[in-house]
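The values are calculated or read from the model by the stated rules, or taken from the named source; none is laboratory data. The structure displayed is predicted, hence computed values, not measured ones. A quick note on method: Cβ atoms are made from the backbone with ideal geometry, for glycine too, and the neighbour counts reach across all protein chains shown.
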Amino acid sequence: MSQEPELVARRERPSPYSARPEPSNLADILERVLDKGIIIAGDIRVNLLDIELLTVKIRLLIVSVDKAAEMGIDWWKNDPMLSTSAQEVAEENRRLRERIEELESGAGEPGDE
Amino acid sequence: MSESGVYLYAVSRGLHADDVDGLVGLQGDPVRVLDGHGLSAVVGDVGLDEFGDEGLRRNLEDLAWLEQVARQHDAVVRGVARRGVLAPMRLATVFLNDDSVVERLGEWGSALQRALDRVEGRSEWSVKVYVSLEEIEAEGRAAAHSRPAGGGAGAAYLQRRRSQITQREDALGAASELGDSIYTRLAHSVAASRRLPPQDRRLTGHEGTMVLNAAYLVGHDDEATWTSTVDAIVAERPQARVELQGPWPPYSFATVEDV
């Protein structure tokens, strides 16, 4: 069944869903929990669009530093190239936010306060 | 302690309270199950100082915080995936109280049920393909050398320069075709597949160039066939180094986007 195992690097097998909390590399986890997963607007409204923005920032980050471990807080703010892109993203973010508010004002109630 | 909110990790169905026994939430509290509208919400309590509007805005920009939350979110999702079908939520889906979560289950009920139907009995597998562009280029060079070069020294130089550039382009083309062909071959054998953007080696530390980063949705009963299909495809393509990982929770496939 598992002939020629040296051809394919396998991790996490044979036990399904390893009980260890960190079976995958950070890139694997971030691209799934930030970029995938079902979006249901919670009561905390900030999260959705900020996460869209964050996903883009993560992409920028990935091409801008050598190692995830070297990242600090505000990692893009001090880089003029990234800040410019981040501003464009923020602009797009604001347009999306307005659009969503528009849609929501037509649809269901936003829950309690 | 500030006001607390309710963090939604994933939605499942038919979960019992003891299915989440031992799962620890983002701030160390136990994970709970909320039932409503035929669905089970996997939730945990979080402080709104950290997970409220202000807190999230601040914390999402702190990569150490983000990494820790992402890993813990993933750990809870994996823990639940061992117990049954589930649809993971996007990171940081936060409600003010339990009632609000249940109300939202009602609003999204049929879409969530369809998402769960799509992934029930199936898991996500990651296939990454790496190549060495230098190796592919060297193969191209070896092939080019066997061709005779005409003309004088200047012409030969120009031809050499031109062919160096061509070889790099050819290598890139061959590498990307290799990724495409593996993706397509594997896609035919499974329920669903998605391509994700290739990861950068500066974050992952991998060697070579990643020409494919794909996710496949594979039935639990088809896993033996699946892995031998991957083995067969790998054996046909010695230039490719293939990394197969799984089974994972169906992050890339439990979606409501087509609703």
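Here is how the numbers come out for the structure above:
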read-out: Helices (runs of 4 or more DSSP H) contained in the stretch B:1-117 and holding at least 3 residues closer than 18 Å to A:Gly37 by Cβ and of a type outside the set (Phe, Trp, Tyr); value: B:63-81, B:98-107
read-out: Filter result for the condition that a residue is without any contact (Cβ under 8 Å) to a residue 60 or more places away in the chain, assigned to a strand (DSSP E or B) and either out of contact with any Gly (no Cβ under 6 Å at 6 or more places or on another chain) or surrounded by 18 or more Cβ atoms within 10 Å (Cβ to Cβ) (or both), over B:Ser193, B:Ser181, B:Ser228; value: B:Ser193
read-out: Residue among B:Ala232, B:Ala174, B:Ala192 that is of a type in the set (Gly, Ala, Ser), more than 30 Å from B:Glu67 (Cα to Cα) and modelled with pLDDT of 90 or more; value: B:Ala232
read-out: Filter pass, B:Gly208 being more than 10 Å from chain A (Cβ to nearest Cβ) and at positive phi; value: yes
read-out: Positions within the stretch B:231-248 being free of Cβ contacts under 8 Å to residues at least 24 places away in the same chain, among the charged types (D, E, K, R) and at the interface with chain A (Cβ under 7 Å from one of its Cβ atoms), in sequence order; value: B:Asp231
read-out: Some residue of the stretch B:21-30 being within 30 Å of B:His220 (Cα to Cα), within 12 Å of another protein chain (Cβ to nearest Cβ) and touching a residue at least 60 places away in the same chain (Cβ under 8 Å); value: no
read-out: Enumeration of residues in the stretch B:29-70 that are out of contact with any helix residue (DSSP H, G or I) (no Cβ under 7 Å at 6 or more places or on another chain), among the aliphatic types (A, V, I, L, M) and at pLDDT 85 or above; value: B:Val46, B:Val69
read-out: In the stretch A:17-40, the residues that are among the hydrophobic types (A, V, I, L, M, F, W, C), over 16 Å from B:Ala115 (Cβ atoms) and modelled with pLDDT of 55 or more; value: A:Leu26, A:Ala27, A:Ile29, A:Leu30, A:Val33, A:Leu34
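To keep it simple, each residue is scored yes or no on (1) out of contact with any Cys (no Cβ under 7 Å at 6 or more places or on another chain); (2) buried (at least 19 other Cβ atoms within 10 Å of the Cβ); (3) among the acidic types (Asp, Glu).
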{"site": "B:Arg57", "(1), (2), (3)": "yes, no, no"}
{"site": "B:Val85", "(1), (2), (3)": "yes, yes, no"}
{"site": "B:Asp99", "(1), (2), (3)": "yes, no, yes"}
{"site": "B:Ala111", "(1), (2), (3)": "yes, no, no"}
{"site": "B:Ala115", "(1), (2), (3)": "yes, yes, no"}
